[in-house]
1. Rounded to a whole number of µm²/s, how large is the Stokes-Einstein D of the chain at 4 °C and 1.567 mPa s, given Rh as the Kirkwood radius over C-alpha pairs?
2. Which residue, PRO55, PRO88, PRO114, has the most motion in a Gaussian network model of the chain that connects Cα atoms within less than 10 Å?
3. Rounded to the nearest 20 Debye, what is the dipole magnitude of the chain about its Cα centre when Lys and Arg each give +1 and Asp and Glu each give -1 at the C-beta?
4. Subtract the Cα-Cα distance of ALA10 and THR59 from 0.36 nm times their separation in residues, and report this length gain in nm to one decimal.
5. Tell me the carbon and sulfur percent of the accessible area for the chain, rounded to whole percent, probe radius 1.4 Å.
6. Quick one: accessible area per residue over region 39-128, 1.4 Å probe, rounded to a whole number of Å²?
7. Counting helices only, and only those DSSP H runs with n ≥ 4, report the 222 nm mean residue ellipticity of the chain as the sum of -39,500 (n - 2.57) divided by its residues, in deg cm²/dmol to the nearest 500.
8. Sort ASP27, ASP74 by accessible area with a 1.4 Å probe, largest first.
Amino acid sequence: MSSKRNQTIALPTLADAYRLAAVEATDADARDFAAQLATTELRRASHPGRATWSPTDQTEPDPVPQTVVDGDEDLWLRTPATGTWTMPSFDPAHDAPRCGDALTWQELAHEYGPLTSLADDRRAGGRR
């Protein structure tokens, strides 16, 4: 994942969660997942008007949002014809190779979650 912060959104990120004592205290092999879950809770608390899905939310929301930001605030767009998600700002010099793939909702949520809708309306993309 990259660390390009979108200053217009200003959501809590994985980097923020890694600094939490509870995440730091987690065993190293579970720390990434703990940071994902902590980021989910931070986003839900700080931006209750935005729908946020955790990495464990494996059911694609209905209605499906067309844009989301991941745990690093990178933008992902949904391709309606295929239902897959792509990162338009993918840069192989700075992003993990997997970010260049077309991912399913399940893959995107699990690998790069939490995912947060851009619409400040909890009805956009379901209620989470």
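1. Values: Rh = 14.6 Å.
The diffusion coefficient I find is 89 µm²/s.
2. PRO88
3. Details: 13 positive and 20 negative charges, 105 e Å.
Dipole size: approximately 500 debye.
4. So the chain would gain 15.0 nm between ALA10 and THR59.
5. 55
6. Working: 4170 Å² over 90 residues.
About 46 Å² of surface per residue is accessible.
7. On the way: 4 runs with 33 residues, N = 128.
Here the helix-only value at 222 nm equals -7000 deg cm²/dmol.
8. Ranking ASP27, ASP74 by accessible area, largest first, yields ASP27, ASP74.
The values are calculated or read from the model by the stated rules, or taken from the named source; none is laboratory data. All values reported here derive from a predicted model rather than from experimental measurement. FYI the Cβ positions are ideal-geometry reconstructions off the backbone, even for glycines, and counts take in every protein chain you see. Side chains are part of the model used for accessible areas, which takes the heavy atoms of the whole protein and leaves out ligands, DNA and RNA. Shrake-Rupley method; radii C 1.70, N 1.55, O 1.52, S 1.80 Å.
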